[in-house]
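So the structure is just underneath, and the comments pick up after that.
No lab work stands behind these numbers, since they all come straight from the coordinates. Just so it is clear, the structure is predicted and the values come from calculations on it, not from any experiment. Because the Cβ atoms are built from the backbone with ideal geometry, glycine has one as well, and the counts that use them run over all protein chains shown.
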Amino acid sequence: MTARRGYLIRLSAARHTVLDDSIELRIVRFADRVPVVLDYYDADRGASARARLTADEAGLPTIRHFFKGLTALAEQGSRMGCLMCNSAIERSLVDPEAAARVKDHFDRLEDAFYTVLQNARKKGEVQGKRNLRAAARYLIVALQGMQVSLRMGQDPASVKNVVRIILHEVDSW
């Protein structure tokens, strides 16, 4: 049994159950229901992250806080990674429907990073003619890599060092 931020997932040969507070979703064949679980996860966790990134006051400090949260997860010993990132690795090659949902999730998260970078430019936090779309893609790839590292159990000092490099790049914008 695994518990994480309001989600409880029980895995057994016959049945998989995902519980969130009073909502219960019973899945007889988990592989057939991956898209349902991904939609639920995106509507909860994905929407929350996008809302923080697209808030009117969001800027480079929001991005810094976002990535420093990965350091905190590593220090807590979390090896959960991200359901979307895990699904990209484990399901995308064999499940086109799951692959489409994962792609949509990361595309929308990239759009949220793009929005926060546009806000940062308006506030004078981003200088020059930096390609903000490319910068948003960089942040997505950095995030995905960090999530895989967390899943692998990377030691907190290593995670902190990589986040420091990512934030150094962000600060140079």
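Listed values, structure above:
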item	result
Overall form of region 80-170 per C-alpha gyration tensor (a/c, 1.5; a/b vs b/c)	oblate
Centroid-to-centroid separation of region 110-129 and region 51-80 [C-alpha atoms, Å]	16 Å
Among 142-153, 105-116, the order from most to least packed when residues are scored by Cβ within 10 Å on average	105-116, 142-153
Charge dipole magnitude, Cβ of K and R +1, D and E -1 - region 79-173, Cα centre, debye nearest 20	340 debye
For region 88-139, with +1 on Lys and Arg beta carbons and -1 on Asp and Glu, the positive-most of Phe113, Val126, Ala99 along the dipole	Val126
Approximate spin-label separation His65-Asp155, in nm, with each point projected 7 Å along Cα-to-Cβ	3.1 nm
Cβ crowding within 10 Å averaged over residues, with 120-133, 61-74 ranked highest first	61-74, 120-133
Segment Ile89-Ser172, extension gain: residue separation times 0.36 nm, minus the distance between their alpha carbons	26.8 nm
